[in-house]
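Inspection log for the structure reproduced underneath, given as C-alpha cells.
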Amino acid sequence: MSPVRPAPVFPYKLVATDLDGTLLRPDDTVSERTREALAAATAAGAAHIVVTGRSVAWTRHVLDDLGYEGIAVCGQGAQVYHAGEQRLLTSLTMDRRLAVLAIEKIEAETGPLRLAAARDGLHGEVLIGPGYQVQDGPLASVPSTDRDSLWAEPISKVYLQHPTLGDDELAAAALRIAGDLVGVVMAGPGVVELLPLGLSKATGLSLAARRLGTKGAETIAFGDMPNDIPMFGWAGHGVAMANAHRELKAVADELTTSNAEDGIAVVLERLLTG
C-alpha cells in the first residue's frame, strides 16, 4: 500500500492583488477560475487582500461582487478599509497647499495640465476638472468647471493629464520637478497621480498586514503597473502580469500570464498543488 502523501502547504500567509490589469479582466470582471483559486488559497490558510490605487468609493462594488469582507488597501495606500464593517480604518489626506504648489511648479515647465481630484472619505467623489479625459466605465465622477473647487474639501490625491506628453513622460517630469513636495505614480493608461509624499501601496499594505498578523516575507503580491513597485519591494515574492508595464517586469520575481488569461490563478494553482 502506497504511503499517503500529506497535502501541500501553501507557502504564503497573504495574497495581495492589485485590481485593474491584474485581478480584473479587461471587461472589469473576475473570472470564475480566479475566484476558485483565491478561495482555495484562503482555505489553505492564506488571507487575500486587495491593494488598489482606486479610492474606496471606486472599489466597493468590486469587493461586494467578490463577497469580500476583509481588509482592503485603497487609494494607493492612503485608505485601509474594512469591507465587512464598511468603515475606514485609516485615511491619509493630501496637503492641498503642497498639491497646488506642486502643480504650479509642474505647469511652469510643461504648460497647462488637465486635473482631477479624489476627495477623502468613504464616499469621496472624484471631481473632474476642465479637459480631463475620464475613461469609459462604471466609475462615477463629478464634473467641475472651477479648478479651485478641486481643493475646496480634503483630498487623497490629484490626477494629472497633459495634452501632448505621454504617461511615462508626464510622470517623469512631475517627479523631477515636484518630487520633493509630493509623490508621483503612473497607475495605468492615462492615470498619473500626485500623492502625499512617502505614500505607496507598500505603506498601506504593511499597516493592513500588521492587523492580520502577517509580514512582507509571508506575502505574494500580484500587479501590473509602476505603482506596484513598492508593494513588490515589501512582499516576499512579486508576480507581474504578462500585460504589465516594463518597469514592474524589471523588478518582478516572476512573470505570469495576462489578466485576460487568469494570470493570478495560474500561479496560485501551481503553489496549491505543490
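The values are calculated or read from the model by the stated rules, or taken from the named source; none is laboratory data. Here the structure is a predicted model, which means the values were calculated and not measured. Backbone-built Cβ (ideal geometry, glycine too); neighbour counts: all protein chains shown. Just so you know, the surface numbers come from the protein's heavy atoms only, side chains and all, with ligands and any DNA or RNA stripped out. Shrake-Rupley method; radii C 1.70, N 1.55, O 1.52, S 1.80 Å.
Of V158, V134, all but one fail to be at pLDDT below 95, farther than 21 Å from H82 by Cα and touching a strand residue (DSSP E or B) at 6+ places or on another chain (Cβ under 7 Å); the exception is V134.
Among residues of segment 234-254 that are within 16 Å of Y12 (Cβ to Cβ), those with a beta-carbon under 6 Å from a residue that is open to solvent by less than 70 Å² (accessible area, probe 1.4 Å) and of a type in the set (D, E, K, R) at least six positions away or on a different chain give the pairs V239/E254. Do we have V80 as in a strand (DSSP E or B), within 29 Å of A217 (Cβ to Cβ) and touching a Phe, Trp or Tyr at 6+ places or on another chain (Cβ under 8 Å) here? Criteria not met by V80.
Scanning segment 10-34 for residues that are surrounded by 18 or more Cβ atoms within 10 Å (Cβ to Cβ) and assigned to a helix (DSSP H, G or I) gives L19, D20, G21, T22, L23, T34. Residues that are without any contact (Cβ under 8 Å) to a residue 12 or more places away in the chain and in a loop (DSSP other than H, G, I, E, B) were ranked within segment 135-150; the one that is surrounded by the fewest Cβ atoms within 10 Å (Cβ to Cβ) is D136. Scanning segment 263-271 finds no residues that are part of a loop (DSSP other than H, G, I, E, B) and not basic (K, R).
Per-residue answers, yes or no, for (1) under 16 Å from the mean Cα position of the chain (by Cα); (2) in contact (Cβ under 8 Å) with a residue 24 or more places away in the chain:
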residue: A152; (1), (2): no, no
residue: H162; (1), (2): no, yes
residue: A178; (1), (2): no, yes
residue: V184; (1), (2): yes, no
residue: S200; (1), (2): yes, yes
residue: A217; (1), (2): no, no
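The requirement of being modelled with pLDDT of 95 or more, under 15 Å from the mean Cα position of the chain (by Cα), crowded, with 20+ Cβ neighbours inside 10 Å and small (G, A, S) is satisfied by A72.
Yes/no matrix, rows are residues, columns are (1) open to solvent by 60 Å² or more (accessible area, probe 1.4 Å); (2) within 13 Å of A41 (Cβ to Cβ):
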| position | (1), (2) |
| --- | --- |
| W234 | yes, no |
| M241 | no, no |
| V251 | yes, no |
| T256 | no, no |
| N259 | no, no |
| E269 | yes, yes |
| L272 | no, yes |
